[in-house]
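The values are calculated or read from the model by the stated rules, or taken from the named source; none is laboratory data. Remember, it's a predicted structure, so these values are computed and weren't measured experimentally. Every residue, glycine as well, gets a Cβ built from its backbone with ideal geometry; the counts of neighbours run over all protein chains shown.
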Amino acid sequence: MQTTPETRVYNTINGKKETFSPLEPGRIGIYVCGITAYDYCHIGHARSALVFDMIVKYLRYRGFQVKYVRNFTDIDDKIIKRANERNTSCEVLSDEFIRAFHEDMAALGVAPADIEPKATEHVDDIISIIKDLIQRELAYPAGGDVYFRVTRFKEYGTLSGRDLDEMQAGARIEVNENKEHPMDFALWKASKPGEPTWESPWGPGRPGWHIECSAMSRKYLGDTFDFHGGGKDLIFPHHENELAQSVGASGKPFARYWLHHGFVTIKDEKMSKSLGNFLTIREVLERFHPEVLRLLVFSSHYRSPLDYSEAALDDAATGLDRLYQCLAAIKGIPKTKATETTIAQSDRERLEGLEGRFNEAMRDDFNSARALGIIFEVVKTINRIVQENKDGLPPQYLDLVSSTGKKITELATIMGLLTQEPDEYLRRKREEMLTGIDISAEKIENLIRERTEARALKDWSRSDAIRDQLLEHGIILKDGPEGTSWSVKKQT
RNA sequence: GGCGGCGUAGCCAAGUGGCUAAGGCAGUGGUCUGCAAAACCAUUAUUCAUCGGUUCGACUCCGAUCGCCGCCUCCA
């Protein structure tokens, strides 16, 4: 654990990068809004999970004890609607997609949150917080519903940077006679026939969307805690309303730092269910290694938009191979006793400076893109050293190179990258590619043997014919010092 | 209409009031090879949407213009 230099984070609430200091020294509480479980997750959800996975892992690497809470919304309008369409219950439906979510996260290598609470398991906590709000006259029951009284909460709008008058001007709000003010929002909704229902002081009903997060964050992290995160689209109304509810109920500060990540776009348009331009996580993982997606995601800053395309993933895949190939190459350097070979001072400094520069980047609002750039720089330096010292390196230099390799692996792991054994990764990659090829490995090996004989006889035309034959099957040959190896051509 | 963000090489993407404007992909040149391929190395922006202003000095700060995107309704 290093003496921690300051970490700076961009806080949505004031639009500034601030120096982070935890509420309690050494400990961090973070609440992230998870999914509404009624469908498979798309790449946008993946980005959210990956970004906060990285942030939590980084904070832990920095020595903080992190309590990470990410909820599931398992009761809401969309779930009710979908359950009705499918002729099933909300519970069955949301369970199914929570399971699917866990599968997707496991496939992505995203660690589970420490606590993953569900709204339906916290109805008592929700009711209790609503009572507090009513008592403080920040909420009122009306026609079986309960609404938050926005005009009573002076700071309403501070998170999203708007004020009530502005919002009303351009508002597209449904008419609701029960509400005192058009911007008042539901804390509790009277249930309609056939909907899941809980008893409450205001009659049978169910929680509104925002209140669950106020109740669950309070329960697991307390009234005031460090980080609250989610996608930019949650800033308004979800987080604005949460803030109002929580501060309203407790009279204390709520989240101290608000982190919001940018969207995944496709052709520069937001990926969303309503636009229908989304890809599910499982669809993408059918075609790409999870670390490829991670490399793409962390190649841009978490607050920027991220444009998704197959081409971008192809690029990322090539980049990932480069990283793994470097690590594999390090293992191949022979050790020599020679003392003639040296590594230039500037190169040594580059290798030794890796962790410091990596941290400089990550400390600055989790700038994973810059951090990756630094890793790639070091990889390039190592590749050059390896190239220039094919005959081997003396022990002290070999130690430097291999410990740098280990450090690269350690740091990349914060982003969930380079988690496999390099040889294993490269081997499996080849195997996976072979599945789309209409020729067996055995047959390939036989042809290679035949070609080797031809080459020994300098029968180049025969040799080239065999190479062309294999190329038709998508197999590329490589003649190296230890004989001929082969790989599968990239599919285009 | 209100609020916010973005515009950096062929593509993606960091970054800074003044040292060589990271890095990845693609391209080009080389090493290697019988020729290739793969891998590796080298190289690729006198310039940061446009026009003004502040400054000794701006791509970085300010203003305007153009273009793109997001939020204001469910949404990661």
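Are any residues in the stretch A:420-451 modelled with pLDDT under 75, of a type in the set (Val, Ile, Thr) and surrounded by 11 or more Cβ atoms within 10 Å (Cβ to Cβ), and if so, which ones?
A:Ile437
Would you check if there is a residue in the stretch A:87-100 being surrounded by fewer than 23 Cβ atoms within 10 Å (Cβ to Cβ), in contact (Cβ under 8 Å) with a residue 40 or more places away in the chain, of a type in the set (Asp, Glu) and touching a Ser or Thr at 6+ places or on another chain (Cβ under 7 Å)?
no
What strands (runs of 3 or more DSSP E), lying completely within the stretch A:1-80, carry at least 3 residues that are crowded, with 16+ Cβ neighbours inside 10 Å?
Working: elements: A:7-11, A:16-20, A:27-32, A:65-70.
In the stretch A:1-80, A:7-11, A:27-32, A:65-70 are the strands (runs of 3 or more DSSP E) which contain 3 or more residues that are crowded, with 16+ Cβ neighbours inside 10 Å.
For the list (1) assigned to a loop (DSSP other than H, G, I, E, B); (2) over 22 Å from the mean Cα position of the chain (by Cα); (3) more than 8 Å from RNA strand B (Cβ to nearest atom), I need the number of the one condition that A:Trp209 fails.
(3)
Exactly one of (1) more than 27 Å from the chain's Cα centre (by Cα); (2) within 10 Å of RNA strand B (Cβ to nearest atom) is unmet by A:Gln469. Its number?
Every listed condition holds for A:Gln469 apart from (2).
Checking the structure you have, find out if any residue of the stretch A:340-354 is assigned to a helix (DSSP H, G or I), among the hydrophobic types (A, V, I, L, M, F, W, C) and touching a strand residue (DSSP E or B) at 6+ places or on another chain (Cβ under 7 Å). Don't jump to the end; show me each part of the working.
Kept after step one, since they are assigned to a helix (DSSP H, G or I), are these residues of the stretch A:340-354: A:345-352, A:354.
Filter once more, keeping what is among the hydrophobic types (A, V, I, L, M, F, W, C): A:351, A:354.
Imposing the further condition that a residue be touching a strand residue (DSSP E or B) at 6+ places or on another chain (Cβ under 7 Å) reduces the set to none.
Checking the stretch A:340-354: not a single residue is assigned to a helix (DSSP H, G or I), among the hydrophobic types (A, V, I, L, M, F, W, C) and touching a strand residue (DSSP E or B) at 6+ places or on another chain (Cβ under 7 Å).
Select from the stretch A:35-63 the residues that are out of contact with any Lys or Arg (no Cβ under 7 Å at 6 or more places or on another chain) and among the aromatic types (Phe, Trp, Tyr) and list them in ascending order.
Listed by number, the residues that qualify are A:Phe52, A:Tyr58, A:Tyr61.
Residues of the stretch A:112-148 being of a type in the set (Lys, Arg) and crowded, with 17+ Cβ neighbours inside 10 Å, which ones? Quick ask: steps written out before the conclusion?
The first filter runs over the stretch A:112-148 and keeps only residues of a type in the set (Lys, Arg), leaving A:118, A:131, A:136.
Hit for the stretch A:112-148 is A:Lys118, nothing else.
Would you pick out the residues in the stretch A:299-348 that are under 24 Å from the mean Cα position of the chain (by Cα), near RNA strand B (Cβ under 7 Å from one of its atoms) and of a type in the set (Gly, Ala, Ser)?
A:Ser299, A:Ser300, A:Ser304, A:Ala311, A:Ala312, A:Ala316, A:Gly319
Taking the options A:Lys337, A:Lys406, name whichever one is basic (Lys, Arg), modelled with pLDDT of 95 or more and not assigned by TED's automatic domain parsing to the domain that holds A:His260. Even if it seems obvious, please write down each step before you answer.
Working: A:Lys337 fails: modelled with pLDDT of 95 or more.
After applying the criteria, what remains is A:Lys406.
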